[in-house]
Structure formats: structure tokens, C-alpha cells
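Working notes, beginning with the structure itself.
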Amino acid sequence: MKIMFVSAANSTHTVRWVNALAERGHEVYLVSNRGHEPKEDALNSRVKLYLMKHSGGKGYYLNVGELRKIAKRINPDVINVHYASGYGTLARKARLPKYILSVWGSDVYDFPYESRVKNYILKRNVRSASYLASTSNCMAVQLKKVMQDEKLEITITPFGVDLNQFDPKKYKETEKEELIIGNIKALEEIYGIEEMILAFRNLKKELEQEHYSRKIKLLIYGSGSKKEQYEDLINKQNLQDSVFLKGKIPNTKVPEAISEFDIFCALSRKESFGVAAVEAMAMKKPVVASDADGFKEVIEDGKTGLIISRKEINKAKDALKKLVLDEKMRTKMGNNGRQRVEQLYSWNDNVEKMLNLYERVRCDNEH
């Protein structure tokens, strides 16, 4: 099948999709604005990359003619446009033939509420697409809400994990003195890093008062604009010996990092699809998470993790404490989490769901 992707080539999610399709023998073309170049060696060598002339927000308007020519030259069986705001605008303006529009998160949760004009743009973009896809049910519900159309047909194409890569059996469990709580997220306000640090502070104080024997640590992997702010918070709370900002790591190192954790903690204020929680569950780690939509969808509260209200620092502390003090609960939730991921979020199965949609689109186009 000849597949044309219109999406940001510097996005990890884009790269994972196009590489998976190329590895299955499909002819894959990735078209991106200038400025969205992929990292070196990120793309499978069989993916053909087209970088258009213009970059930035204006690129979604100035690259219209070039995109139209590229689509005509490639003549793909299927076109999949990713991100309903920017690239959705470009696809609509270019008048691409029947295409799938995949929504990602902020394009339906934030963009349409920033102004009336943006709301109008998003609605036009969605109506211009012939097919719609979403990585989660909750995001599909949100799109229907924005569009004020409960009957909108949206195919769910989850963004799961490679179970061979995220395999706890590959990492030997070693006896360690500390109990480690961990997180892998960008250092941005939306991901609730401050709440997590403060919940950890309260937990540490309480455990010390109760003479808990093990030392606890909080490891946070990621980079972002709030790094200095979180460093200051750690220093002000005298947590330098127990909270560590470990910096950004490549995706290939994520399973190894999660294998160090005893508990995965994610207190995001917004989450359209809880891929971080899915990765942790795949590694048999119990999860303490906020009640953001994406987490509520992927985590079974009380079975694979504990879900608490957003910004509720003491509730987060209580949930973490429950897991810290109960090793059997940690093990049981970890095993349940792995089973849930195998059932619902296996990357190979998710790619097949996407390909089933592509096949349907191709058949529709042929008739």
C-alpha cells in the first residue's frame, strides 16, 4: 500500500507510526513543514521524507501549493494527516483528496478554546476530512463535544507500546536499599511535576515520623522550560538528597529507566492518552495517576493503579503511601497492568488497527 503521512517528522509519535508501516513493507511517504526535520537516523531508511519550503505557523498556509503537487506526484492509496489544527489546516487548504485526519490532544482540548477564530478553523478542518481517527476514546468524546455532533464517526487507533521493548524480563530485579518512585515527562506545568514533588515531600515527612526503615527517592526524567523552577523547589524543600531531575533520555532508554522504579507516578493536569502509564504498566509497575481523561481510560483504578483527583497533593501522598507500605499490592497491580497492556495496547495490534482503517479507505477510494 502506498501511504502518505502529513505530519511533523520531529515527533516521536510520527516516527513510530511511519517506521512501523515501512517495516511491514508498505511504501511510506512523510511530508512535513521545514523546521520539523527528524533527528538523525530516526526514520527507517525506507520512509521517503519530503520537507516543504516554509516553516512555522505560516507554513500551514504557504506550503499549500507544494503539498498539493507532492500529493499529485505520489498519488497515494491513503493519506493520513496528523494534528487537526496546523496540518489539518494545511490539508484543507491544499484540498487533498479523501484523507484521514488523526487528532492528537491539544488540537481538540486546547486549540478550539483559545479563540472563536481557532474554534472555527478546527471545525472546518474536521469537516474537510473524509475520515477521523483518535488514539483514545476520551479524545474522541472531546472531539464530538467540540463539533457538537454525537454521531461523528471516529476510529480509535491506540498508541500502545512495543511489548518486546517494554519487557520486564529483560531487566534483572536487584535488591536495593531505596524504594524508588519515578516519572518520565517533560518538565512543564501541565504534567503536574510540582504537585508530585510536594506530594513526595509530604510522604517523606510522614514516613520519617512513623520510622519507616527504607529510604525513598523520586527520580524524574525529562527536560523542559520549568527545570530551574523545579530545581528551586527541590532546594527550598531540602529534598536534594531524595529528589533528582535526571534529564531527558532517548526512547530506547525508557524501559530501562522504568525498570528502576517501584512505583510510577504521573499527576498530569491534562492527558489525552496516557502512554506514559501504559509504558509503566507494560513494565509491571503500579501507577499512581491523576484523574486526567487519558489516565482514567488506560488505568483500572484499584486494579492496575490508583487514580486521584488532580492537584490534590495529600491524596497523591496517601495513594503513594499505600503502595510504598504494601509490596504485595505493588506486585499484584504490576502484574494486572502488564495483562491489560497485552490485551489492549500491544503496539503490533495497534498498527494492525490503523492498517485496517487504511484498507477500508483504500477500498472506498477504489469504488
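Kirkwood hydrodynamic radius of the stretch 262-367 from all distinct Cα pairs, in Å? All intermediate terms of the calculation are to be shown ahead of the outcome.
Values: mean 1/r = 0.0682 Å⁻¹.
Averaging 1/r across every pair of different Cα atoms and inverting gives 14.7 Å.
On a per residue basis, the chain carries 48 Å² of accessible surface, using protein heavy atoms and a 1.4 Å probe. Taking Cα centroids, how far is the stretch 179-205 from the stretch 208-239 in Å? For the stretch 179-205 versus the stretch 208-239, the Cα centre distance is 7 Å. Using a cut-off of 18 Å between alpha-carbon atoms, which aspartates and glutamates can reach Lys2, once sequence neighbours fewer than 8 places away in the same chain are excluded? Partners found: Glu23, Glu27, Asp77, Glu352, Glu359, Asp364, Glu366.
Calculated FRET efficiency, Gln165 and Lys118, Cβ-Cβ r, R0 30 Å, to nearest 0.05? Numbers along the way, then the final one.
Numbers: r = 37 Å, r/R0 = 1.23.
For R0 = 30 Å, the calculated efficiency reads 0.20.
Between the stretch 256-300 and the stretch 107-178, what's the alpha-carbon centroid distance in Å? What the calculation gives is 16 Å, centre to centre. Protein heavy-atom surface of the stretch 202-287, 1.4 angstrom probe: 43% of the accessible area is carbon and sulfur, with nucleic acids and ligands not counted.
Could you give each residue of the stretch 172-184 its phi-based ³J(HN,Hα) in whole Hz, using Karplus coefficients 6.51, -1.76, 1.60 with θ = phi - 60°, and x for Gly or Pro? In residue order, the calculated couplings are 5, 7, 10, 5, 10, 5, 8, 9, 10, 9, x, 8, 10 Hz. Applying 0.36 nm per residue to the separation of Lys332 and Lys236 and subtracting their alpha-carbon distance, the gain on full extension is 30.9 nm. Between Arg127 and Lys172, what's the calculated FRET efficiency when r is the beta-carbon distance and R0 is 56 Å? Round to 0.05. In this case the efficiency is close to 0.55. Note on the chain: with charges restricted to the Cβ of Lys and Arg (+1) and Asp and Glu (-1), its dipole about the Cα centre is near 1220 debye. In this structure, the amide hydrogen of Ile308, modeled 1.01 Å from its nitrogen in the peptide plane, lies closer than 5 angstrom to those of Ala289, Ser290, Asp291, counting only residues at least 5 positions away or on a different chain.
In the stretch 199-286, what trypsin sites (Lys or Arg not before Pro) fall in a loop by DSSP, with at most 15 other Cβ atoms inside 10 Å? The partial results should precede the final answer.
Values: sites: Arg201, Lys204, Lys205, Arg214, Lys215, Lys217, Lys226, Lys227, Lys236, Lys246, Lys248, Lys253, Arg269, Lys270, Lys284; in loops: Arg214, Lys215, Lys226, Lys248, Arg269, Lys270, Lys284.
Answer by residue number: Arg214, Lys215, Lys248, Arg269.
Accessible area of the stretch 49-88 with a 1.4 Å probe: how many percent of it is carbon plus sulfur? The value for the stretch 49-88 is 51 percent carbon and sulfur by accessible area. Cα to Cα, under 15 Å, and not fewer than 8 places away if on the same chain: which aspartates and glutamates meet these conditions relative to Lys118? Excluding near neighbours in sequence, the set is Asp107, Asp110. Extension gain for the segment Lys246 to Ile156, taken as residue separation times 0.36 nm less the Cα-Cα distance, is 29.0 nm to one decimal. Among Asn350, Asn235, Asn19, the largest mean-square fluctuation in a Gaussian network model of the chain (Cα springs under 10 Å) belongs to Asn235. Projecting the Cα atoms of Val361, Leu323, Asn350 onto the charge dipole of the stretch 308-367, computed from C-beta unit charges around the Cα centre, puts Leu323 farthest toward the positive end. Rounded to the nearest whole Hz, the Karplus-based 3J(HN,Hα) values (6.51 cos²θ - 1.76 cosθ + 1.60, θ = phi - 60°) of the stretch 35-47 follow the sequence x, 10, 4, x, 5, 4, 6, 6, 8, 4, 4, 7, 7, with x at glycine and proline.
Of the trypsin sites (Lys or Arg not before Pro) found in the stretch 1-110, none is in coil by DSSP with at most 10 other Cβ atoms within 10 Å of its Cβ.
Considering only C-alpha atoms, what is the centroid distance from the stretch 305-332 to the stretch 47-97, in Å? A separation of 45 Å, based on Cα centres.
Can you give the extra length, in nm with one decimal, that the chain gains between Glu37 and Glu228 once fully stretched, where that is 0.36 nm per residue apart less the Cα-Cα distance?
Values: separation 191, 0.36 × 191 = 68.76 nm, distance 2.78 nm.
66.0 nm is the gain from fully extending Glu37 to Glu228.
For trypsin sites (Lys or Arg not before Pro), the sites in the stretch 293-367 that DSSP calls loop and that have at most 16 other Cβ atoms within 10 Å are Lys303, Lys311. Seen from all directions on average, the chain presents a Cα convex hull projection of 18.8 nm².
Amide H contacts for Trp104 (H built 1.01 Å from N in the peptide plane; partners 5 or more residues away or on another chain; cut-off under 5 Å): Tyr83, Ala84.
The values are calculated or read from the model by the stated rules, or taken from the named source; none is laboratory data. Model, not experiment: these values are computed from the prediction. Cβ coordinates were reconstructed from backbone atoms using ideal geometry, including for glycine residues, and neighbour counts include every protein chain displayed. Ligands, DNA and RNA are excluded from the accessible area calculation, which covers all protein heavy atoms including side chains. Shrake-Rupley method; radii C 1.70, N 1.55, O 1.52, S 1.80 Å.
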